[in-house]
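Just below is one structure, and these are the notes that go with it.
The values are calculated or read from the model by the stated rules, or taken from the named source; none is laboratory data. Every value quoted in this text rests on a predicted model; they were computed, and no experiment measured them. As a convention, Cβ positions derive from the backbone with ideal geometry for all residues, glycine included, and neighbour counts pool all protein chains shown. These area figures cover heavy atoms from the full protein model, side chains too; ligands, DNA and RNA do not enter into them. Shrake-Rupley method; radii C 1.70, N 1.55, O 1.52, S 1.80 Å.
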Amino acid sequence: MLDQLEQQPADALLALIKLHNADPRSDKIDLGVGVYRTGQGETPVFGAIKTAERILVDTQDSKAYLGPEGDMGFVAALMPYIFGKDSPDMGGRIEGMQTPGGTGSLRLALAMAKRAGAKRIVVGNPSWPNHAQICRDLGLDVAEFNHASPDGTADMAGVRKAIAEAQAGDVLMLHGCCHNPTGIDYTQGEWDEIAGMLAGSPMLPLIDMAYQGLGHGMEQDAYGLRRVLVSVPEALISYSCDKNFGLYRDRVGALYVMARDAGDLPAIMSHGHALARANWSQPPDHGGAAVRIVLEDEKLTAQWLDELDQMRTRMRQMRERLAAAGQAGSIDLAPMGQQNGLFSIVGLTGEQVLAIREKHGVYMAGSSRINIAGLTSGNIDKFIDAVADVAG
Ligand code: LMR
């Protein structure tokens with residue numbers, strides 16, 4: 001049977017890691033996959049996480065199974081940060097479970113939506129390519145609306161139309177903050193409008209929250225999510241700790257469900273547990289346990305928030321440098337100063353993306369998405385000159 005299988009292309013983004021590693025040039029610049037880097041180009045383990053891991057090694061007395069929901073202490077500890085300290089479970093209407101990273105959470109959320117009758121996933125274009133890939137794998141249709149305007153802000157007309165034309169069985173995929181790949185988030189006023197429109201819409205919102213804290217801060221980055229949740233009867237929230245706790249390969253995430261009625265949650269979550277069992281049985285424990293230990297300890301929490309602050313500040317500085325450069329050839333870098341998180345789209349053509357890689361050793365996704373954290377005060381001028389050269 002197996003010889004029937006045709007060769008599949010490697011994931012384009014993950015393939016970039018290998019291409020970059022194989023490039024012998026010492027001044028190459030990696031702006032590919034979304035991992036945070038320091039000004040020295042490193043992706044260190046958070047100090048708060050290192051300490052938590054030591055505590056975990058010293059105190060964990062068993063690695064016996066926990067169940068498909070994973071570490072519920074981890075799931076609960078995140079909730080005040082996501083949903084707000086005043087009502088972290090919206091009066092008992094929110095419950096969660098641990099998942100392998102944000103991808104595991106999205107997979108569960110979409111599979112659960114399908115079981116609940118979802119037919120179509122409505123998503124802004126561009127979006128993280130894995131969104132459509134998971135939908136396709138689950139046999140869900142994808143309908144797109146335009147996300148970004150040419151001036152580097154959100155295309156509100158696109159999302160307005162998508163919500164206005166929604167049908168029963170539609171799920172609306174929203175990026176909670178730090179939009180991947182554009183860095184173009186809705187403003188608070190725009191979130192207010194979207195939340196208002198969703199209040200009267202049949203759409204089920206699915207909010208992908210993979211970068212909380214990397215835009216403007218943990219609280220500010222939750223504005224849109226919280227605004228939507230107070231306006232709609234039910235929602236799915238996919239959460240990732242891979243970036244804001246630096247746990248990438250440990251795969252740490254959670255799926256939260258907000259139900260119309262607290263009494264509906266046991267049945268809804270039983271589908272999440274059954275789907276987890278059929279996919280990975282139980283999530284990996286280590287990273288989630290480390291996050292729980294950080295969040296249960298005031299000092300470690302403060303240290304984590306401080307480390308997050310430093311990351312955000314460094315990325316803001318890089319964005320300011322790009323914005324100050326203004327024009328690089330035909331490319332206007334100014335809008336990047338207003339965009340958020342790890343990513344922005346430069347606006348190069350596919351040919352120019354290849355040219356900047358071959359000629360200058362600058363690696364970015366085929367869409368010309370760059371990882372802002374790959375820029376440092378040592379390489380940013382070279383990057384701007386390289387863009388000007390290929391987009392002259
Ligand atoms: C990215 O978009 O670079 C990250 O979300 C990493 C990934 O898994 O694609």
Which listed residue is out of contact with any Phe, Trp or Tyr (no Cβ under 7 Å at 6 or more places or on another chain) and within 28 Å of L308 (Cα to Cα), from A64, A76: A76
Matching option when the condition is over 20 Å from the mean Cα position of the chain (by Cα) and modelled with pLDDT of 95 or more, among I331, I345: I331
Top-ranked residue of segment 28-61 - restricted to ones that are more than 16 Å from the ligand (Cβ to nearest atom) and open to solvent by less than 20 Å² (accessible area, probe 1.4 Å), ranked as farthest from I384 (Cα to Cα): L56
Neighbours by Cβ (under 6 Å, 6+ apart or cross-chain): first from segment 125-136, in contact (Cβ under 8 Å) with a residue 60 or more places away in the chain; second within 10 Å of the ligand (Cβ to nearest atom) and not in a helix (DSSP H, G or I): P126/P181; W128/N180
Considering residues of segment 1-15 that are assigned to a helix (DSSP H, G or I) and at pLDDT 95 or above only, the residue nearest to the ligand (Cβ to nearest atom): L2
Flag if V291 is assigned by TED's automatic domain parsing to the domain that holds T103, within 19 Å of L206 (Cβ to Cβ) and within 19 Å of the chain's Cα centre (by Cα): no
All helices (runs of 4 or more DSSP H) inside segment 277-392 with 2 or more residues being open to solvent by 60 Å² or more (accessible area, probe 1.4 Å) and over 30 Å from D58 (Cα atoms): 298-325, 350-360, 380-390
Options A235, A259, A210; residue that is among the small types (G, A, S) and free of Cβ contacts under 8 Å to residues at least 40 places away in the same chain: A235
Boolean, D192 is among the charged types (D, E, K, R), under 14 Å from F83 (Cα atoms), open to solvent by 10 Å² or more (accessible area, probe 1.4 Å) and in contact with a helix residue (DSSP H, G or I) (Cβ under 7 Å, 6 or more places away or on another chain): no
Evaluation of I94 against (1) assigned by TED's automatic domain parsing to the domain that holds A373; (2) in contact (Cβ under 8 Å) with a residue 24 or more places away in the chain (one fails), failing number: (1)
Residue, farthest from the ligand (Cβ to nearest atom), within segment 257-276, restricted to residues that are in contact with a helix residue (DSSP H, G or I) (Cβ under 7 Å, 6 or more places away or on another chain) and either open to solvent by less than 50 Å² (accessible area, probe 1.4 Å) or β-branched (V, I, T) (or both): A259
